[in-house]
Number of protein chains: 2
Amino acid sequence: MDAMRVGIIGLGTVGSGVVKILEEHADLLARRTGRTIEIVKVAVRDLNKPRAVSLPSGMVTDDPMSVATHPEVDVVVELIGGLKPARELLQAAIEAGKHVVTANKALLCEHGPDLFPLARDRNLCIAFEAAVAGGCPIIHVLSQAMTGNQITAIQAILNGTSNFILTEMYHRDQPYADAVKEAQRMGYAEADPALDVDGTDAAQKLGILVQLAFGARFTPDQFIVEGLDTIELADLQYADELGYAVKLLATARLVDGALEMHTQPTLVRHEKPIAQVDGPYNMIALEGDAVGRTWFSGMGAGQMATASAVVADLVDIAVGRAQLTYPHLTLQSSDPAIKLHPAEGIERRYYLRFNVEDRPHVMADITHVLGEMEISIASVIQHEAPEPDEVSLPGPPIVPLVIMTHRTTEGQVRQASAKLAALKCVREPRVCMPVSD
Amino acid sequence: MDAMRVGIIGLGTVGSGVVKILEEHADLLARRTGRTIEIVKVAVRDLNKPRAVSLPSGMVTDDPMSVATHPEVDVVVELIGGLKPARELLQAAIEAGKHVVTANKALLCEHGPDLFPLARDRNLCIAFEAAVAGGCPIIHVLSQAMTGNQITAIQAILNGTSNFILTEMYHRDQPYADAVKEAQRMGYAEADPALDVDGTDAAQKLGILVQLAFGARFTPDQFIVEGLDTIELADLQYADELGYAVKLLATARLVDGALEMHTQPTLVRHEKPIAQVDGPYNMIALEGDAVGRTWFSGMGAGQMATASAVVADLVDIAVGRAQLTYPHLTLQSSDPAIKLHPAEGIERRYYLRFNVEDRPHVMADITHVLGEMEISIASVIQHEAPEPDEVSLPGPPIVPLVIMTHRTTEGQVRQASAKLAALKCVREPRVCMPVSD
């Protein structure tokens, strides 16, 4: 039986998972491809580190470039992440005539414009199901199953770590810092979870989905990207009281021919499917002009879910599907006809929370500012101030005020926020989150 | 640009939708395939019937066989449904060297064993994304995106009509008959909705998914298939009181190496994703040994969702993907190693409802029967009987009794039901539904 020979760069969590599947499901994979999938060479950073999988010693090297360019390797699987040296390795692999499978969304986001055409010009493919929503085959769905549709909207939870943190906070009444610690303890968050919780990771993944769905390339510096850092447990509780969950939503949708795009903590009505996704799961809600609304959900990360995505790509290459699909993906360039909707003009409802002094005329001052900006108030929550003896600061007591607006623009809300911040009666924290339609 | 030439048999709702997509998205499809997709010939039953789409008059015929075997047709799309003459048409098309796209689950369920190898032996393919869960690309997912997994369980809502009826009953407090009428008015149910509500349609679709996921062929006569006909509004209300929704669930899962398979109205805890699928939507919850739990949801039927699935298949054939995928699908034979778990031995919790006489010793009689069968009671609902003057019949008042059991077997429950039916104090209706884990 004809063998497909694989080189793997990176034998961490996901790499070990890939080796495990290729070994344990060798028969199954042979039936599904008509070929054997053989691991030829594996690169690790530290040859002496103990591994979860055992490989023949001659198979393992600490020279990743020797795997990328190995004459007996047909496909290079890159699982080290980061930009350097991943970029050089993939470029060398492609120049040496290898197909590439990668889980590296940062790399695709940053260097896709160089690497994608490099592969296509050589009749090779770059497969990256594992780069977005490991347990949820959204790349296959967009590239193959929705081809009869003009995609009109993507709304997604793309970062499992953030979703786990929000779920922990909400269900266990935990402050943000404790939920982050729990995510680290469970292995969902890195020691430095910055890229997960600041929205960058989700925004990079959204960029990849947008390129496939709309044929246009936008990077996180071009659209609104906000993280969880301003969100407190109190916001989840107020949102709940108003009938909403808070989710870190990555959104792209066509509005009057322009693309509205943002990654932000967002209020979503409890009864919507995306509000009900808990823990380290991802969900992508996709709208097509023919198919209507669809939802896809699976683990956002984790060893075996991501490994499953890598192996699906290997199977596609072994069968020859990926080579047929890749040249037709809209990865090679950005369609100049697709413009980003200016952030200032994006229209939504908003949730505002700030602390205010609990004294006469405060509500009048605040509503005056909103009225001046033509922002209409949909609902207000202000609970009674605590008893005076519980308040330690001098001056009028400080109470939280929550306002839900009617539809307005991002620009108007930003201006109103700046004006409100200048009021003497308004104090930190000031939270502003959009509300999903 | 190289053209792929298509013949369409059936220009009803879905057929018109396919024509619409091929016309409106001609440019998009050309970009995604590198070819044009051209309609060459279309067969209708009645040439004089007005159509939603206009086609050149020479293109339309009332002789479907002339389309199936047309020398200029590369791919035949069959959208007439039913077994006759669909089977003869597809066989003729394959024998004439055409690829086939079909939405006909009944045909695949009944005649798949003849048609599937016929196509493979001629290096042709049969594509059928539209046959199961139109708006949800579950065939693509199982055939391509989950290939690194041994699928361990499928739990699915596969009949949009039934789900719409259950949703109407539950949310509008409507009796079954009124909900069926509403489904007909909305176009979700046929004038004769028998195959939708008796579970046959969902069971046929489950058979197709099982063949792809487990490589074994089982037909609805071989496993438990129950419909909505015994369910009353009261059952949805009691289930709700107990914390459950009622869904027509199609289930297949590996238990100790054997396949447990059934299509039944089933109690599902409200917080589970599949309990929250409302209206004419489908959902497939899929478990793989690597990927873990995944969920896929979209419209269960409807013109454009199903047409979207047909066009995705056409694109796959135009690109050449389908031809590579088809030979590796486990459709050609049934794996003799995969056995069905005997229905009697399937272990679950159960919901039982019957009317009982409201007099001393009745509960003792009933619990004695259950005790004899070693069925342990988890919870009981018996509300107070109505005031005597509201009861028109002579004799003791009749009250509904609802019992939730602990885990027991289908065989024990069936025996217990027969014994309970024989008790003088137990009256019709008698409802028995399993509870999903």
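A compact table of results
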| item | result |
| --- | --- |
| Cα Rg, Dmax (largest Cα-Cα span) when computed across region B:292-437, Å | 24.6, 74 |
| In degrees, nearest ten, helix A:160-172 long axis to first principal axis of chain A (Cα) | 40 degrees |
| Residues in region B:147-176 that, when all protein chains are in place, have 50 Å² or more less accessible area than the chain alone would give (probe 1.4 Å) | B:Thr147, B:Gly148 |
| Over 29 Å between alpha carbons, listed pairs A:Lys84/A:Lys272; A:Lys272/B:Lys181; A:Lys247/B:Lys272; A:Lys20/B:Lys339 | A:Lys84/A:Lys272 |
| Other copies of B:Ser66: label-to-label distances in nm, shortest first, labels 7 Å along the beta-carbon direction | 7.0 |
| Most mobile of B:Asp63, B:Asp27, B:Asp256 in a GNM of chain B (Cα contacts under 10 Å) | B:Asp256 |
| Alpha-carbon Rg/Rh ratio, for region A:39-112, with Rh computed the Kirkwood way | 0.96 |
| Rounded accessible area of B:Ile338 (nearest 10 Å², 1.4 Å probe) | 30 Å² |
| For A:Cys109, solvent-accessible area (1.4 Å; no DNA, RNA or ligand), Å² | 20 Å² |
| Residues along region A:4-41 losing 50 Å² or more of accessible surface when the other protein chains are present rather than the chain by itself (probe 1.4 Å) | A:His25, A:Arg32 |
| Under the Debye formula (equal points on every Cα, no solvent term), log10 I(q)/I(0) of region B:261-375 at q = 0.13, 0.21 Å⁻¹ | -0.92, -1.35 |
| Ranking by accessible area, most exposed first, for A:Met65, B:Met304 with a 1.4 Å probe | A:Met65, B:Met304 |
| Average beta carbon contacts from partner chains per residue of B:284-294, 10 Å cutoff | 6 |
| Inter-copy label distances at B:Asp335 (7 Å, Cα→Cβ; nm, one decimal) | 4.1 |
| Average accessible surface area per residue within region B:117-193, 1.4 Å rolling probe, Å² | 35 Å² |
| Total charge dipole magnitude, region B:189-238, about the Cα centre, Cβ charges on Lys, Arg, Asp, Glu only, Debye to nearest 20 | 440 debye |
| Estimated 222 nm signal from helices in the protein assembly as shown, with DSSP H stretches of n ≥ 4 weighted -39500 (n - 2.57), rounded to 500 | -10500 deg cm²/dmol |
| In region B:322-386, the GluC sites (Glu not before Pro) that fall in loop regions by DSSP, at most 13 other Cβ within 10 Å | B:Glu374, B:Glu384 |
| Options A:Val101, A:Ala86, A:Ile139, ranked by Cα towards positive dipole end of region A:65-178, top entry (Cβ charges) | A:Ile139 |
| GluC sites (Glu not before Pro) lying in DSSP loop within region A:1-106, provided at most 12 other Cβ fall within 10 Å | A:Glu72 |
| Length released on extending from A:Thr367 to A:Asp289, taking residue separation times 0.36 nm less the Cα-Cα span | 24.0 nm |
| Sulfur and carbon atoms: percent of accessible area, chain B [1.4 Å] | 50 percent |
| Accessible surface buried once B binds A (1.4 Å probe; total of both sides; Å²) | 3700 Å² |
| Modelled FRET efficiency - R0 51 Å, B:Glu347 with A:Lys339, Cβ distances, 0.05 increments | 0.30 |
| In Å², nearest 10: area of A:Lys419 left accessible to a 1.4 Å probe | 80 Å² |
| Model label zone, A:Asp2; criterion: amide N under 17 Å from point 7 Å along Cα-to-beta-carbon; scope region A:42-81 | A:73-75 |
| Per DSSP, loop trypsin sites (Lys or Arg not before Pro) in region B:68-173 with at most 16 further Cβ within 10 Å | B:Arg122 |
| Position B:Leu28, label points 7 Å along Cα→Cβ, spacing to each other copy in nm (shortest first, one decimal) | 3.4 |
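The values are calculated or read from the model by the stated rules, or taken from the named source; none is laboratory data. These numbers come from a predicted model, not from an experiment. For neighbour counting, all protein chains shown are included, and Cβ atoms are generated from backbone atoms with ideal geometry for every residue, glycine included. To get the accessible areas, we keep the full protein, side chains included, count just its heavy atoms, and leave off ligands, DNA and RNA. Shrake-Rupley method; radii C 1.70, N 1.55, O 1.52, S 1.80 Å.
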